[in-house]
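For reference, the structure discussed in these notes is given below.
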Amino acid sequence: MKLIIHRGNTEIGASCIEIRSSSNTSIFIDAGSELYGKRAELPSAIKTADAIFLSHAHPDHFGLLGGVPQNIPIYCGEITKNILRIMTAFNGDKFDRIDRRFYPFKNKEEIKIKDISITPFLTDHSVPDSYAFLVEADGKSLFYSGDFRTGGRKTYCTSNILKSVKSPDVLIADCTCIEERKDAIRNEFELEEKISQLLSDNPTLPAFALFSSINVDRIVTFFKAALHNKRIFVCDIYTALILWVMAKNNVNVPKITWDNVKVLSRDNIAKSQRGLLEVCFKDLDVEDFRDIIYRTNVSIKLEEIAKAPEKYLLKFNQIRNVQKACGFEKLIAIYSMWSGYLSPEFDKLGRYKDLINDENVIFKKLHTGGHSEQKDLLDFIANIAPKKFVPFHTNAPEKLLEKYPNAIIGKDEVDI
């Protein structure tokens, strides 16, 4: 069995690896677009792959799937399939539409692709339905950790992996956070406390939450912080749709029919997302969602928020438009994403810069990442106890040499 790393072992993003058996069976794990830097392209070898396995619904892992030939089966989790369809429908300017069939897999259920066996393991990451993979062929084993963390709300995932996977011939591990960050917020529970305290310290101000709608754990964190402060969590149509689909797949999330959750769906400010929903609701099979979000017990209008802004925590990106419509003089903006998005490279329109420089805006960065911190990562590697170790999803692989002098760095092909 051979590991071929097409991209991802010297950068964060553009993840794409191939595993090939001695009989030339080929499977790929992920086909991601670049996070920054050199534009990623599909490797030519993917055209002859026997299957592709998608670890999770982040663009640096799925971003190039639109270019994969239709005859190649793509396997992913059921929820991942739904998230991808929603993301590409609502963000057509960012992602290529992936118009194809997906083959869903389940946690710990083995799949055979000719002479290669693949077993998915659920992991805890900043998007639900994320997976690691145990790959076996030719009497050898490879474990791909996928993107994972130990500071989320599903800590049992890592424990389950460590009980099931012992001393693989090769471990490919997510080493995004190999450099220690002493001031980092360690987990979602600590983050919930800090957000709650910020709201408590500013009880009269309207508050906005800036984070990815597919980060469902983060939705739970903000929702709970709002509850602690007797605020109602208000979200846009896109976020509400993510919650709706999660709930239909039996994920424990806030429900848009609850009294303390509202959807900003009827005002003119929601016109763009309403239009997108009208175009795609049948394809997405969410007629029930479309029927319910305009009901008075589910939706909320800006005029209601303007009357008592201190009662709400809003997950709505158009902060300036809401501020203007409601007449807010001061507000709180809680930024809960990767800090790199604040740089000019990503904030090309200066939306975040405008908020940061406004003396009437309390702009607070409160975030915990989707990747394991250094100590937890090193413990994970030690407990897995691989015969060979390949750092992955990192732009500083050499940092691992201090702890693992035999780590395989700088090689695109590894014999297993």
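The values are calculated or read from the model by the stated rules, or taken from the named source; none is laboratory data. Just so it is clear, the structure is predicted and the values come from calculations on it, not from any experiment. Methodologically, a virtual Cβ is constructed for each residue, glycine included, from the backbone with ideal geometry; neighbour enumeration extends over all protein chains shown. Ligands, DNA and RNA are excluded from the accessible area calculation, which covers all protein heavy atoms including side chains. Shrake-Rupley method; radii C 1.70, N 1.55, O 1.52, S 1.80 Å.
What number of residues in segment 19-47 are of a type in the set (D, E, K, R) and over 24 Å from Asp415 (Cβ atoms)?
4
Name every residue in segment 55-76 that is touching a helix residue (DSSP H, G or I) at 6+ places or on another chain (Cβ under 9 Å) and free of Cβ contacts under 8 Å to residues at least 60 places away in the same chain, in order of residue number. First the steps, then the outcome.
We begin by selecting, within segment 55-76, every residue touching a helix residue (DSSP H, G or I) at 6+ places or on another chain (Cβ under 9 Å); these are 55-57, 59, 62, 64-69, 72, 74, 76.
If the condition is that a residue be touching a helix residue (DSSP H, G or I) at 6+ places or on another chain (Cβ under 9 Å) and free of Cβ contacts under 8 Å to residues at least 60 places away in the same chain, then Pro59, Phe62, Leu64, Leu65, Gly66, Gly67, Val68, Pro69, Ile72, Ile74, Cys76 are the ones that fit.
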*What tally of residues in segment 44-63 results from selecting those that are surrounded by fewer than 17 Cβ atoms within 10 Å (Cβ to Cβ) and out of contact with any Ser or Thr (no Cβ under 8 Å at 6 or more places or on another chain)?*
2
_Quick check on Asn317: is it in a loop (DSSP other than H, G, I, E, B) and touching a residue at least 24 places away in the same chain (Cβ under 8 Å)?_
yes
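Per-residue answers, yes or no, for (1) surrounded by 22 or more Cβ atoms within 10 Å (Cβ to Cβ); (2) among the small types (Gly, Ala, Ser); (3) within 25 Å of Leu366 (Cβ to Cβ):
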residue: Asp169; (1), (2), (3): no, no, no
residue: Ser196; (1), (2), (3): no, yes, yes
residue: Asp201; (1), (2), (3): no, no, yes
residue: Arg218; (1), (2), (3): yes, no, yes
residue: Ser265; (1), (2), (3): yes, yes, no
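Checking the condition within 30 Å of Lys271 (Cβ to Cβ), surrounded by 12 or more Cβ atoms within 10 Å (Cβ to Cβ), hydroxyl-bearing (Ser, Thr, Tyr) and without any contact (Cβ under 8 Å) to a residue 40 or more places away in the chain, which residue from Tyr335, Tyr404, Tyr341 passes?
Numbers: Tyr335 fails: without any contact (Cβ under 8 Å) to a residue 40 or more places away in the chain; Tyr404 fails: within 30 Å of Lys271 (Cβ to Cβ).
Within the list Tyr335, Tyr404, Tyr341, the selection yields Tyr341.
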*What is the number of the single condition among (1) within 23 Å of Asn91 (Cα to Cα); (2) free of Cβ contacts under 8 Å to residues at least 60 places away in the same chain; (3) assigned to a loop (DSSP other than H, G, I, E, B); (4) open to solvent by less than 70 Å² (accessible area, probe 1.4 Å) that Leu284 does not meet?*
(2)
*Give me the pairs: first residue in segment 214-234 and touching a residue at least 12 places away in the same chain (Cβ under 8 Å) and closer than 14 Å to Glu193 by Cα, second residue open to solvent by 10 Å² or more (accessible area, probe 1.4 Å) and in a helix (DSSP H, G or I), beta-carbon distance under 7 Å, and six or more apart or on different chains, which are they?*
Thr221/Glu192; Lys224/Glu192; Ala225/Glu192; Ala225/Ser196; His228/Ser196; Asn229/Ser196; Asn229/Ser200
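For segment 171-194, name all the residues that are open to solvent by less than 50 Å² (accessible area, probe 1.4 Å) and either part of a loop (DSSP other than H, G, I, E, B) or basic (Lys, Arg) (or both).
Of the residues in segment 171-194, the ones open to solvent by less than 50 Å² (accessible area, probe 1.4 Å) are 171-178, 184-185, 187-188, 191-192.
Within segment 171-194, Cys175, Thr176, Cys177, Ile178, Ala184, Ile185, Asn187 meet the criteria.
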*With respect to Ile300, determine if the residue is closer than 22 Å to Phe223 by Cα, within 26 Å of the chain's Cα centre (by Cα) and touching a residue at least 60 places away in the same chain (Cβ under 8 Å).*
no
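Would you tally the residues in segment 112-141 being outside any strand (DSSP E or B), closer than 22 Å to Ile79 by Cα and open to solvent by 10 Å² or more (accessible area, probe 1.4 Å)?
Here is the first cut: in segment 112-141, the residues outside any strand (DSSP E or B) are 114-115, 124-129, 138-139.
From what's left, closer than 22 Å to Ile79 by Cα: 124-129.
In the following step, the residues that additionally are open to solvent by 10 Å² or more (accessible area, probe 1.4 Å) were identified as 126, 128-129.
Count: 3.
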_Which listed residue, of Ala31, Ala89, Ala57, is assigned to a helix (DSSP H, G or I), within 23 Å of Ile214 (Cβ to Cβ) and either in contact with a Cys (Cβ under 9 Å, 6 or more places away or on another chain) or among the acidic types (Asp, Glu) (or both)_ = Ala89
*Check segment 365-372 and report whether any residue there is outside any loop (DSSP other than H, G, I, E, B), at pLDDT below 95 and of a type outside the set (Ser, Thr, Tyr).*
no
